Amino acid sequence: MKITKMWTEIYRWKRNKPIRNGMYTYSDAGLNVVKIATDEGITGIGLGGGMTDDGKVFQAIGAQFEQVVVGQDPLNNEKIWDDLWQPKLIGRRGLTTRVISAIDNALWDVKGKAANMPVYKLLGGYSDSVPVYIAGGYYEEGKGLEDLAQEMEESVSMGAKAVKMKIGGAPINEDVERVRVVREAIGPDIDLMVDANAAYRYYDAIKIAKRMEPYDVFWFEEPVNPDDYQGHKLVSQATSIPISTGENEYTRYGFRDLIETRSVAILQPDPLIMGGITEIKKVAALAEAHDLPISPHGNQDIGVHVVAGVSNGLTVDY
Ligand SMILES: [Mg+2]
């Protein structure tokens, strides 16, 4: 099989209301899509990360990469990944790796369609059903504690056994109160994750972690800057709440460093960002060798295959 054409499609749409986390406000939602056509009539569709711009940079990088990809056998994803990821030419991390992720995910879509099998089976088929959590609990203009509690109750009534909420976008006292109210609303049997989107310095992360401990938090996500491995470690050592991170980490090399410093309990590689399914497979194996679970960040359509396909998949982000 040969790749005959590769192109990008960018979709953006306005949110009804902007949503805010500990660091960023999002007025739009969107998708960055790579499509790969083959001489056997199969078209692969892949998604890549990056929402803050209009997609023009993503498209320009995609156009560059098309020259590398066209003519290759789409089933040779390892070879194509190595051909694309040339640190000296394109940088080690960033938007280029996000576009590679989209290309790689599209190659796995081709693979699945060619084999007439779901991707999770090709990855190893560890499980036919997987736990999922509903991520929400953003800050919004005019959204009070009652609205937050109601949102979480709705997630639970949809069948969620786990929910995630944002912290880090309000003073610590206020956020602790938000966590308390959500725990009270969902009851003791639903898992509750909190996500600071790297809003804290390590000492404030420790301060809020200690105060959240009575509310049985399942994980505390991105407490500090993604490059501050030692800060993650300090927070991990100071609280009984498991610390998670990884949505802003890139490639097997970044996760190697995260794992080697034993800075977090749960790894959250994003297959739309860190290098795609080919790369997340390697991170999963590396994590497995250190007895660590992975919980892919972001898009559920790819995350569900990763969690179901590997032995140490913890839960799917929805
Ligand atoms: Mg997050």
Check: Given 0.36 nm per residue, what is the gain on full extension from His290 to Ile172 after removing their alpha carbon distance, in nm?
Finding: 39.1 nm
Next item on the list: At 1.4 Å probe size, with every protein chain present, just tell me what the per residue accessible area of segment 28-151 comes to in Å².
Entry: 48
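Tell me the net charge near Pro296. Cut-off is 10 Å between Cβ atoms, Pro296 excluded, with +1 for each Lys or Arg and -1 for each Asp or Glu. Could you put the intermediate results ahead of the total?
Numbers: positive: none; negative: Glu247, Asp270, Asp317.
Its environment carries a net charge of -3.
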Notebook entry, point to check: So if R0 is 30 Å, what FRET efficiency would Thr261 and Asp301 give, r being the distance between their Cβ atoms, rounded to the nearest 0.05?
Noted result: 0.45
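Per-residue counts of other Cβ atoms within 10 Å, averaged by peptide: what ranking do you get for 95-105, 263-273, 169-179, 10-20, highest first?
Working: 95-105: 27.5, 263-273: 25.1, 169-179: 16.3, 10-20: 12.6.
In decreasing order of mean packing, 95-105, 263-273, 169-179, 10-20 become 95-105, 263-273, 169-179, 10-20.
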Item checked: lysines with Cα under 18 Å of Lys113, excluding same-chain neighbours fewer than 8 positions away -> Lys2, Lys5, Lys35, Lys121
Notebook entry, point to check: So what's segment 183-318 giving for Cα Rg divided by 2.2 N^0.38 Å, two decimals?
Noted result: 1.00
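Mind checking the full-extension length gain between Glu154 and Ile42? Use 0.36 nm per residue of separation minus the Cα-Cα distance, one decimal, nm.
Values: separation 112, 0.36 × 112 = 40.32 nm, distance 3.95 nm.
Length gained, Glu154 through Ile42: 36.4 nm.
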Next item on the list: May I ask you to list the residues of segment 90-133 whose amide nitrogen lies under 17 Å from a point 7 Å from Cα along the Cα→beta-carbon direction of Ala29?
Entry: 133
Checklist line | Kirkwood Rh in Å, taken over all unlike Cα pairs in the chain | finding: 20.2
Checklist line | Structure-based [θ]222 nm, the chain - -39500 (n - 2.57) summed over DSSP H runs of at least 4, per residue, nearest 500 | finding: -12500 deg cm²/dmol
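Can you send over the carbon and sulfur percentage of the accessible area for segment 53-130, probe radius 1.4 Å, protein chains only? Don't jump to the answer; show the numbers that get you there.
Numbers: 1960 of 3870 Å².
Result for segment 53-130: 51 percent of the exposed heavy-atom area is carbon or sulfur.
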Next item on the list: Please give every one of the lysines within straight-line cross-link reach of Lys88, meaning a C-alpha to C-alpha distance under 19 Å, and leave out same-chain neighbours fewer than 8 residues apart.
Entry: Lys79
Next item on the list: Please work out the FRET efficiency for the pair Asn76 and Arg180, using the Cβ-Cβ distance as r and a Förster radius of 45 Å; give the result to the nearest 0.05.
Entry: 0.30
Check: Can you pull the accessible area of Glu78 for me, 1.4 Å probe, Å² to the nearest 10?
Finding: 80
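Where the accessible area of segment 226-318 is counted over protein heavy atoms with a 1.4 Å probe, how much of it, in %, is carbon and sulfur? Before the final figure, lay out the partial values.
Numbers: 1540 of 3060 Å².
The computed percentage sits at 50.
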Item checked: Considering only the chain, percent of DSSP beta bridges that pair antiparallel, nearest 5 -> 50
Margin query: Just to verify a number: FRET efficiency for Lys121 and Glu146, C-beta to C-beta distance, R0 = 41 Å, to 0.05?
Written below: 0.40
Check: What number comes out for the charge environment of Asn312, summing +1 per Lys or Arg and -1 per Asp or Glu over other residues with Cβ under 12 Å away?
Finding: -1
Next item on the list: Could you state the accessible area per residue of segment 186-318 in Å², with a 1.4 Å probe and every protein chain left in place?
Entry: 36
Note to self: Give the lysines whose C-alpha is closer than 24 Å to that of Lys207, dropping any in the same chain fewer than 8 places away, or say none.
What the structure shows: Lys164, Lys166, Lys233
Next item on the list: Kindly provide log₁₀ I(q)/I(0) values, in the same order as q = 0.15, 0.25 Å⁻¹, from the Debye equation applied to equal alpha-carbon scatterers of segment 29-121.
Entry: -0.55, -1.34
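So what's segment 133-195 giving for Rg/Rh, alpha carbon basis, Kirkwood Rh from the mean inverse pair distance? Intermediate values should be presented prior to the final figure.
Values: Rg = 10.6 Å, Rh = 11.5 Å.
Here the Rg-to-Rh quotient is 0.92.
The values are calculated or read from the model by the stated rules, or taken from the named source; none is laboratory data. This structure is a prediction, so every number in the text was calculated from the model and none was measured. Please note: Cβ atoms are built from the backbone with ideal geometry, for glycine as well, and neighbour counts cover all protein chains shown. Note: accessible area is taken over every heavy atom of the protein model, side chains too, but ligands, DNA and RNA are not part of it. Shrake-Rupley method; radii C 1.70, N 1.55, O 1.52, S 1.80 Å.
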